[in-house]
Amino acid sequence: TPGVTDTEIVLGTHTDLSGGAAIWGIGSINGARMRFEAANEAGGIFGRKIRHVVEDTRYEIPRAIQAANKLINRDKIFAMVLAVGTPTNNAVLTQQIPAGVPNIFPLTGARAMGEPYHDLKFTQRGIYYDEVRAGVKYFVEDMGKERVCAMYHDSDYGQEILEAAQD
């Protein structure tokens, strides 16, 4: 199994450490490192130590693709964990899934993280589309609001927000 030897398990993360979403990338990586260090100090997973390889994408699609290519092909990761961003995850999944690398707990609520279903997709949070639709429904039906304004980021993430508000 790529990324798993008798002595270690290699996990990879493409994330934003220096761009517009760095607040999520840095915090999630610091938290993951604390947990992985604790697991390693306790003997690892079935005696295997976790090695976590992190690549900075600056929340840019070309850098995410480059980072994923390195993690998958050079570092031979077992799984991608905690990858930040809708557009970056969407771009990377096209090479990650065919390579047989699971996408575990991406830090995005994009529909593509769970739809269509795939054995290698493991999301941990609600879907942006569903959240926005529920919020708009509440304001219209329960609060009596008649007009909706959707402010959204010009990206895959923002497109999901806009589609939910329109629907």
Worksheet, complete the sentence: Gly20 vs (1) surrounded by fewer than 18 Cβ atoms within 10 Å (Cβ to Cβ); (2) at pLDDT 95 or above; (3) under 26 Å from Asp154 (Cβ atoms): all pass except (2)
Worksheet item: Among the listed residues Arg58, Arg63, Arg33, Arg48, which satisfies the condition of being of a type in the set (D, E, K, R), at pLDDT 95 or above, open to solvent by 30 Å² or more (accessible area, probe 1.4 Å) and under 14 Å from Val10 (Cβ atoms)?
Response: Arg48
Discussion item. Between Phe122, Phe78, which is without any contact (Cβ under 8 Å) to a residue 40 or more places away in the chain, in contact with a strand residue (DSSP E or B) (Cβ under 9 Å, 6 or more places away or on another chain), open to solvent by 70 Å² or more (accessible area, probe 1.4 Å) and over 26 Å from Leu162 (Cβ atoms)?
Written reply: Phe122
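The values are calculated or read from the model by the stated rules, or taken from the named source; none is laboratory data. Being a predicted model, the structure only gives us computed values, none of them experimental. FYI the Cβ positions are ideal-geometry reconstructions off the backbone, even for glycines, and counts take in every protein chain you see. Accessible surface areas use protein heavy atoms only, side chains included; no ligands, DNA or RNA. Shrake-Rupley method; radii C 1.70, N 1.55, O 1.52, S 1.80 Å.
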